[in-house]
């Protein structure tokens with residue numbers, strides 16, 4: 001089963017994520033737990049917001065890419081800003097999701113990434 005580390009404030013999305021049967025979704029209690037999870041657990045997908053309260057998400061992507069090229073990183077944004085999207089993609093994010101984000105959108109994006117990988 002694919003492991004997904006999901007950082008999101010939406011209680012509805014957290015509830016949907018915990019109750020899904022397709023993915024093993026881990027929801028950290030704090031942004032500060034992200035790196036710890038990545039060190040201790042084999043995570044396949046990391047889904048993080050563009051704006052985080054504690055961490056700088058772009059710096060996080062850069063730091064992760066220094067040691068991990070395999071992890072798939074999806075950035076969640078509230079607006080579709082081409083320049084910002086390109087910056088994240090250039091530094092190693094794999095995909096951008098525009099809010100509102102639902103479990104359905106997450107599953108579709110993961111399927112899309114898997115399909116690209118297979119081709």
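The values are calculated or read from the model by the stated rules, or taken from the named source; none is laboratory data. Predicted model, so just to flag it, every value in this text is computed and none were measured. Every residue, glycine as well, gets a Cβ built from its backbone with ideal geometry; the counts of neighbours run over all protein chains shown.
The table that follows gives values for the structure above.
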quantity: Residue satisfying condition, being surrounded by 17 or more Cβ atoms within 10 Å (Cβ to Cβ) and at pLDDT below 95, within set 25, 73, 48, 64; calculated: 25
quantity: Hits in region 82-119 (condition: under 17 Å from residue 9 (Cα atoms), touching a strand residue (DSSP E or B) at 6+ places or on another chain (Cβ under 9 Å) and in a loop (DSSP other than H, G, I, E, B)); calculated: 99, 101
quantity: Residue match in region 73-86 (condition: in contact (Cβ under 8 Å) with a residue 40 or more places away in the chain, touching a helix residue (DSSP H, G or I) at 6+ places or on another chain (Cβ under 6 Å) and within 16 Å of residue 101 (Cβ to Cβ)); calculated: no
quantity: Failed item in (1) surrounded by 11 or more Cβ atoms within 10 Å (Cβ to Cβ); (2) in contact (Cβ under 8 Å) with a residue 24 or more places away in the chain; (3) within 22 Å of residue 1 (Cβ to Cβ), with residue 42 passing the rest; calculated: (1)
quantity: All positions within region 1-19 that are assigned to a loop (DSSP other than H, G, I, E, B), surrounded by 15 or more Cβ atoms within 10 Å (Cβ to Cβ) and touching a helix residue (DSSP H, G or I) at 6+ places or on another chain (Cβ under 8 Å); calculated: 7, 8
quantity: Residue check, residue 54 surrounded by 13 or more Cβ atoms within 10 Å (Cβ to Cβ) and in contact with a helix residue (DSSP H, G or I) (Cβ under 7 Å, 6 or more places away or on another chain); calculated: no
